[in-house]
Amino acid sequence: MKILIPSDIIPSKEHNIRAGNIVLYNIIKGFLNKGVQVDFLYFNNDNKKINISDIDLLRNKRFNFVTELKFKPHTKDNYWKKFKKVFLPNMYDLFPILFLKANVKKEVQKIKPDWIFIFWSENLTHLFANIESKVFAYYGNPLCKNMKASNFLLEKFRSNFFQKLLQNIYLYNLSKIHHRIMKNIDIIGNVAKNDALYYKNKGHKNSFYITNTWFNKFSDIQIKKEINKNYKTNIFRIAANLGKLNGTANTYGLIYLFDRLVPVLNEVFKNEKFQLHIFGSGKPESYVLKKSIFKNVIFRGYVRNIDQALLQCPVFLCCNNATRYNVGHTRYLHAWTLGRCVVSHNNVRLAMPELKHNFNCLLGKDEYEIAQNIYKVYKNKKLFKTISCNGFDEFKKSFRSDIVVDKILKKMKSYKD
């Protein structure tokens, strides 16, 4: 089998600022290990100079770097274009990358792949739809769902009536065009179960849930040692955010954390000390920063050695899924690979059903149960060890890249047009 993988990120075995680089590397490696021929087409959106010889995968005879296509994202629109984009848009107005369609068709005709595999990219999913070759989109958050969630925040904290109206008209038109394009994708493998159902309900018959994937830097022995370490309880550290601080999901999560959970945690812990460590690049939205007035909340920013920083925090807390914006996250997998005890909201199971309360994580229906779950871990090291070990085992059972690649190939081979 020959698979073409177009991407705007370079696969790398070195973990850098974007986790996608190494996740993509491991997926490609999984394909190669199964005897698949992989042709890689790089989309250089930033016009950065790349050294192709640095791509480690080139050592494998079944990996071929096809070419580099440069695409400069559109910058400023004049008033007419802005008006047209809102009220009378076509697909090229909304997704300018589609102007590369002719170039892409030529490359696909030369390569003649059995499948095109799109990794975590809305732009490239749109570009390769209806390209006269079968397409498997390994997909994340639905574009329209993400925009609707962003609009809600803008309406609540920033927009006036006129802006709200424009946002809703734009979203309505974008949704129509997006779903029309997506119907040309042969298989949508969505990494959140609720989002796979979302596309199915929109008429995409081959939308299904497939687990996300992550990578494991440490051996089983190393992680078991970390789990068995006696964590300090004089100041109990909780990792309370990971990733871009002004991202949509993180913005929702931070609002929930500051508005609802931190006050309850202060009541539950009383005079016992705890800290909430907020990891991630960028700055939170201004309306989020106004809420973070708690002394025990520490903004760490971007931390280069994030694994070591997380290992100092026995609990990995994620509030994102406690909100109206419920999507799948690799951060749960990241925490599991480090032997951390995952604490979240019950809603996460709608996106990732592998998370099971009192087995591989601790889940609560509201801020009171979530706070109590964190306090239980603080007081009960045996509970921490049990949940953390089960989480690490769940990662190995369900989320390793070789397991995910097997599922992808099985779906491709059984596909009937």
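None of the figures in this text is laboratory data; all of them are computed from the coordinates on show. Only a predicted model underlies this, so the values are computations on that prediction, with no experimental measurement involved. Cβ coordinates were reconstructed from backbone atoms using ideal geometry, including for glycine residues, and neighbour counts include every protein chain displayed.
Numbers at a glance
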| item | result |
| --- | --- |
| Within segment 220-398: Cβ-based charge dipole about Cα centre, in debye rounded to nearest 20 (Lys, Arg +1; Asp, Glu -1) | 420 debye |
| Inter-part distance where segment 80-122 and segment 375-417 are each reduced to a Cα centre, Å | 34 Å |
| Ranked packing of 126-133, 297-304, most packed first, by mean Cβ within 10 Å | 126-133, 297-304 |
| Per-selection metrics, segment 269-321 (Cα): Rg and Dmax in Å | 12.3, 33 |
| Label-point separation, Asn305 to Lys112 (7 Å along Cα→Cβ), nm | 5.2 nm |
| At R0 = 30 Å, FRET efficiency that the Cβ-Cβ distance of Asp406 and Asn60 yields, to 0.05 | 0.95 |
| Unit charges on C-beta of K, R, D, E only; dipole of the chain, Debye | 60 debye |
| Using θ = phi - 60° and Karplus 6.51 cos²θ - 1.76 cosθ + 1.60, couplings along segment 245-258 (whole Hz; Gly, Pro as x) | 6, 9, x, 4, 5, 5, 4, 4, x, 5, 4, 4, 4, 6 |
| Net charge contributed by nearby residues that have their C-beta within less than 13 Å of His345 (K/R +1, D/E -1) | +1 |
| In order through segment 321-328: 3J(HN,Hα) via Karplus (6.51 cos²θ - 1.76 cosθ + 1.60), integer Hz, x for Gly, Pro | 7, 7, 10, 5, 9, 10, 10, x |
| Built amide H within the under 5 Å cut-off of Asn241, gap 5+ | Phe279 |
| Ranked Cys389, Cys341, criterion: other C-beta atoms within 10 Å, fewest first | Cys389, Cys341 |
| Cβ crowding within 10 Å averaged over residues, with 76-89, 212-225 ranked highest first | 212-225, 76-89 |
